[in-house]
Amino acid sequence: MLSLGVNSPIPNTLVPLILNPSRPKTRLFSSVSLRKLRVKASSAEVAFKEEEKYSNEGVSPTRGLSEELPPGLSREAMPKHVAVIMDGNARWARQRGLPSSEGHQAGVQSLRELIELCCKWGIKVLTVFAFSYDNWVRPKVEVDFLMSLEGIRISVIGDSSKLPTNLQKLIRDAEEATKENSNFQLIVAVSYSGKYDIIQACKGIAQKVKEGVVELDDIDETLVEQELETNCTDHPYPDLLIRTSGELRVSNFLLWQLAYTEFFFVQPLWPDFGKDEFVDALTAFQKRQRRYGGRDS
Amino acid sequence: MGPLPNHIAFIMDGNRRYAKKLNLIDGAGHKVGFLAVTSMLKFCYELGVRNVTIYAFSIDNFKRSPEEVQSLMELMQEKIEGLIKDESIVNCYGVRVYFVGNLKLLSEPVRLAAERAMLATAKNSKAVLSICVAYTSTNEIVNAVEESVEEKIEHHESEPLIKLVDIEKHMYMAVAPDPDIIIRTSGEARLSNFLLWQSAFCYLYSPSVLWPEIGLRHFLWAILNFQRHHSYLNKKGEQLQHLLQDGF
């Protein structure tokens, strides 16, 4: 029986293997048919102990680890910017008869592991899309965890004005405190709409034209790019987009920015998306030939 | 029978790979690809799908060798002129044709042929075919922004406030509703700067078949999967609509 390696008085919940119902496979779907057994602690206490482990041992996923890449992956061909639509938390919880907060907590676990892997494998930017801010069940704990990672820069895009004011302040403080960090950037899309991002960029441009800062003739793609909310990063265009739980659509996530992004849609629900699934996605990405409309080489 | 898509869009990828596979001469792949276009259009209009859009030529494709660009332009001109003939598919099905994109970038003869075709089919009203040429989505959006800003300035509005409706009405693709399905052949799973704005909630289908080999079974599979995912979209679409409405 697997354990978290932590002494806990609360029994661990063993999550059974759930094999994919048979669906015709296209190249889009993950080829993983076996999933490792994962132990999910159903109690907040156990998760808290895990955080203590991080802070007590001073372990930082971002600190200079050049972990060996899994076989078949090359460091040079790593995507610089990975975007993820973290879909499936609620369904995962329902399948187990658990409250949805458990699903979101399991989802946070997946995200932490993904951040760790991205840091280790040289991915510079990770943008994540949560459908609603319900996903942040214990926001302060999560933000504290993120802040404990060395060299990580946190940015938030989307409409945070609807969030509780204390959470808004938490976010602003975290962004301010980490803005000089340059090892790795995590962009969290909260109440984000790709269409609205483009509209607000246009509004900004219209304002600049009105003020005479910009001529009508100067309006081009570069100008729009500079006004989009992803102007918080040097790499605004994701190379790879992963969406979990089998939905084949973008759902108004980044729109402009996904112009040339490789899509990778996978069946597993977000809490079940782990290292194996991520390696599959990266392997498929590295195999793909990116032509940007030009000729095959 | 489940709901039918109102609008299907195609990214017709795989012509050159097909030509290589069959050892055809350069340019032959595109000719065979055109036959696939005709058969797909027939399936769509027979089933009652009112709007079809095809990504015929991207602004990015101008980067290809001059010979290939030239041969593509010639093929397009030939096929556009074929569209106007009485026995053409667009007249059989009452299809109104639009050429969508930055048409100024096209060579003169092609642009004129396109304009003639749009005029000739303007009275058709049973269905719509949008042919994207010299098109990219980012170019379309920039053009929409320019026109919106210009319109606000012309009307001397004190606050040139751009809204969703302004952008949408200046999009080249304002002639059709948003697509329900985007089909990209040859297993590539990316949009390549096609309908980025309009595909926000659209179902993306990426069969591995090469474009010239696409057939009825792929078409039906896309429709079935669209129907399977349709109820999901209705639920999620409502949630996301709130996000959209609040911002504008």
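The values are calculated or read from the model by the stated rules, or taken from the named source; none is laboratory data. From a predicted model like this one, the values you see are computed outputs, not experimental measurements. Neighbour counts run over all protein chains shown; Cβ positions are idealised from the backbone, glycine included.
Residue-level check: of (1) more than 10 Å from chain A (Cβ to nearest Cβ); (2) touching a helix residue (DSSP H, G or I) at 6+ places or on another chain (Cβ under 6 Å), residue B:138 misses just (1). Please specify each residue of the stretch B:45-60 satisfying the condition of being farther than 23 Å from residue B:75 by Cα, crowded, with 17+ Cβ neighbours inside 10 Å and of a type outside the set (D, E, K, R). Listed by number, the residues that qualify are B:45, B:49, B:51. Restricting to the stretch B:114-165, name every residue that is modelled with pLDDT of 90 or more and among the charged types (D, E, K, R). Across the stretch B:114-165, the qualifying residues are B:115, B:116, B:123, B:126, B:140, B:146, B:147. Scanning the stretch A:243-297 for residues that are of a type in the set (D, E, K, R), outside any helix (DSSP H, G or I) and at pLDDT below 95 yields A:247, A:249, A:288, A:290, A:291, A:295, A:296.
Is there a residue in the stretch B:96-103 that is within 14 Å of chain A (Cβ to nearest Cβ) and either in contact with a strand residue (DSSP E or B) (Cβ under 7 Å, 6 or more places away or on another chain) or closer than 22 Å to residue B:185 by Cβ (or both)? Within the stretch B:96-103 (the criterion being within 14 Å of chain A (Cβ to nearest Cβ) and either in contact with a strand residue (DSSP E or B) (Cβ under 7 Å, 6 or more places away or on another chain) or closer than 22 Å to residue B:185 by Cβ (or both)), the answer is yes, since at least one residue qualifies.
Restricting attention to the stretch B:16-73, and to residues there that are polar (S, T, N, Q) and free of Cβ contacts under 8 Å to residues at least 60 places away in the same chain, which single residue is farthest from residue B:97 (Cα to Cα)? Spell out how you get there, then give the answer.
Filtering the stretch B:16-73 down to residues polar (S, T, N, Q) leaves B:23, B:38-39, B:51, B:53, B:58, B:61, B:65, B:70-71.
Applying the additional criterion that residues be free of Cβ contacts under 8 Å to residues at least 60 places away in the same chain yields B:23, B:38, B:61, B:65, B:70-71.
Numbers: B:23: 34, B:38: 14, B:61: 22, B:65: 29, B:70: 23, B:71: 22 Å.
Among those that are polar (S, T, N, Q) and free of Cβ contacts under 8 Å to residues at least 60 places away in the same chain, it is B:23.
State whether the residues of the stretch B:109-130 include one that is more than 21 Å from the chain's Cα centre (by Cα), under 30 Å from residue A:251 (Cα atoms) and not hydroxyl-bearing (Ser, Thr, Tyr).
Restricting attention to the stretch B:109-130, the residues satisfying the condition of being more than 21 Å from the chain's Cα centre (by Cα) are B:109.
Imposing the further condition that a residue be under 30 Å from residue A:251 (Cα atoms) reduces the set to none.
Within the stretch B:109-130, none of the residues are more than 21 Å from the chain's Cα centre (by Cα), under 30 Å from residue A:251 (Cα atoms) and not hydroxyl-bearing (Ser, Thr, Tyr).
Evaluate the following for residue A:225: is it within 22 Å of residue A:129 (Cβ to Cβ), touching a residue at least 12 places away in the same chain (Cβ under 8 Å) and not in a loop (DSSP other than H, G, I, E, B)?
Yes; evaluated as a whole, the condition is true for this residue.
Residue count for the stretch B:23-35, restricted to those that are touching a Gly at 6+ places or on another chain (Cβ under 9 Å) and either at pLDDT 95 or above or at positive phi (or both): 0.
Could you tell me whether residue A:111 is in contact (Cβ under 8 Å) with a residue 12 or more places away in the chain and surrounded by fewer than 21 Cβ atoms within 10 Å (Cβ to Cβ)? Judged against the criteria, residue A:111 is not a match.
With B:89, B:80 as the choices, which residue is without any contact (Cβ under 8 Å) to a residue 60 or more places away in the chain and surrounded by fewer than 20 Cβ atoms within 10 Å (Cβ to Cβ)? Before the answer, list the steps.
Details: B:80 fails: surrounded by fewer than 20 Cβ atoms within 10 Å (Cβ to Cβ).
After applying the criteria, what remains is B:89.
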